[in-house]
1. Would you confirm, using the coordinates I've provided, whether residue 75 is hydrophobic (A, V, I, L, M, F, W, C), under 13 Å from the mean Cα position of the chain (by Cα) and open to solvent by less than 10 Å² (accessible area, probe 1.4 Å)?
2. Hey, among the residues in the stretch 82-98 that are of a type in the set (Asp, Glu) and under 12 Å from the mean Cα position of the chain (by Cα), which one's modelled with the lowest pLDDT?
3. Are there any pairs with C-beta distances below 7 angstrom linking a residue in the stretch 70-83 that is touching a residue at least 24 places away in the same chain (Cβ under 8 Å) to a residue that is open to solvent by 30 Å² or more (accessible area, probe 1.4 Å) and acidic (Asp, Glu), with the two at least 6 apart or on different chains, and if so which?
4. Does residue 103 satisfy being open to solvent by 50 Å² or more (accessible area, probe 1.4 Å), modelled with pLDDT of 95 or more and either under 15 Å from residue 16 (Cβ atoms) or of a type outside the set (S, T, N, Q) (or both)?
5. Would you list the strands (runs of 3 or more DSSP E) that sit entirely within the stretch 1-81 and hold 3 or more residues that are modelled with pLDDT under 85?
6. If I filter the stretch 20-34 for residues that are of a type outside the set (Phe, Trp, Tyr), within 17 Å of residue 113 (Cα to Cα), touching a Ser or Thr at 6+ places or on another chain (Cβ under 8 Å) and exposed (fewer than 13 other Cβ atoms within 10 Å of the Cβ), do I get at least one hit?
Amino acid sequence: SVGWAPTWNEFGIYSTQNSMVPRKSRAGGLACAFVQRRAICSSSTLDEAVRALTVPGWSEGASMNVVDVRGKRMANVELWEDESSVLEVTEDVMNYTHFNQYKHLTTRKGRAVDTPAAV
């Protein structure tokens, strides 16, 4: 899926999506844009947004950066079909960068979800 414009709501939840290239997608799964819209528009905390994003059944996947401005928390949420991985960015992490490939989510067999572009 491609990266989308930043999104935010009245509760101080802010998100961006990184472009991802999963090895395969599921026909008939949940559309990324609709899951993200429901998650961000209806959530008032980071935990609520993460819970809404990590529902199984995605058609493809995404890497979402979600910030709770009021709660002063941030997380990167990697999603693909029925799998998800959440990395909360804390003071211990200091800096988290994403280069349009899955960093902390793997398949159930431990394999890479995406096909990284040759550099």
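The values are calculated or read from the model by the stated rules, or taken from the named source; none is laboratory data. Everything numeric in this text was worked out from a predicted model, so none of it was measured. Here the Cβ positions follow ideal geometry from the backbone for every residue, glycine too, while neighbour counts run over all protein chains shown. The accessibility values were calculated without ligands, DNA or RNA, using every heavy atom of the protein model including side chains. Shrake-Rupley method; radii C 1.70, N 1.55, O 1.52, S 1.80 Å.
1. On the way: hydrophobic (A, V, I, L, M, F, W, C): yes; under 13 Å from the mean Cα position of the chain (by Cα): yes; open to solvent by less than 10 Å² (accessible area, probe 1.4 Å): yes.
Yes: the conditions hold for residue 75.
2. Ranking the candidates gives 83 first.
3. Short answer, once both residue conditions are applied: 73/88; 75/88.
4. So residue 103 fails the test.
5. Those strands (runs of 3 or more DSSP E) do not exist here; none qualify.
6. Yes.
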